[in-house]
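Scroll down for the structure; my scribbles are underneath it.
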Amino acid sequence: MNEKKCRGLTRNRSGGICELRIPGVCLGRATNYQHRKNKSQCSKVERWLPSNGLDACGSGTTGCHGYIHANQAEAVEKGWTVRSWDDPHTRPVHLWHGVVVLDDLGCFTPALELGGVS
């Protein structure tokens, strides 16, 4: 998938509002695509998939996007960041409305419907 289509599907999923809404740091409006798996660790196919991205507020140093980069252990625990060996398609992520699994159509499934959080 190309970058433009991926960003569009991710923005549709979020409705333009930060998908994380981390208390005390969230700026509200989604302005940035956060790669869950670092770009340097992705295959070309994985890089621009909605399952590998979050629509976050801020930049790499501000808002929820900045919080992810500054708090790596928590980010991995909550699925905001995934390790190089993890599959973003199956790794649950904590969003403001619950724990979900993201797909590449720009949608999500509640993790509990998939048998819990791993």
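We did not get these values from a lab; they are worked out from the coordinates using the rules stated. These figures come from a predicted structure and were not determined experimentally. So basically every Cβ, Gly included, is an ideal-geometry build from the backbone, and we count neighbours across all protein chains shown.
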### Query
For the chain, can you list the cysteines whose C-beta has no other cysteine C-beta under 4.7 Å from it?
CYS6, CYS26, CYS42, CYS64, CYS107
### Per-residue [θ]222 nm for the chain (sum of -39500 (n - 2.57) over DSSP H runs n ≥ 4, rounded to 500)
-6500 deg cm²/dmol
### Task
Grab the other residues whose beta carbon is less than 10 angstrom from that of ASP86, score K and R as +1, D and E as -1, and report the net.
+3
### Task
May I ask for the net charge around GLU77, where only other residues with Cβ less than 15 Å from the Cβ of GLU77 are counted and Lys, Arg are +1 while Asp, Glu are -1?
+2
#### Entry: Local electrostatic count at GLY106 - Lys and Arg +1, Asp and Glu -1, tallied over other residues with Cβ under 11 Å
+1
### Signed unit charges on C-beta, dipole axis of the stretch 11-103, positive-most listed residue SER84, GLY98, PRO23
SER84
### Query
Can you pull the percent of Cα pairs in the stretch 3-114 with separation above 16 Å?
53 percent
### Query
For the stretch 61-75 and the stretch 1-46, what is the separation of their Cα centres, given in Å?
13 Å
#### Entry: Exposure proxy order (Cβ contacts within 10 Å, fewest to most) of LYS39, LYS44, LYS5, LYS78
LYS44, LYS39, LYS5, LYS78
### Task
At 0.36 nm per residue, minus the direct Cα-Cα distance, what do THR61 and ARG7 gain on full extension? Give it in nm, one decimal, please.
17.4 nm
### Task
Please state the charge dipole magnitude for the stretch 3-114, taken about the Cα centre, from unit charges on C-beta atoms (+1 on K and R, -1 on D and E), reported in debye and rounded to the nearest 20.
400 debye
### Task
Give the long-range amide H neighbours of ALA30: residues separated by 5 or more places, or on another chain, with amide H under 5 Å away, using H modelled in the peptide plane at 1.01 Å from N.
ILE17, CYS18
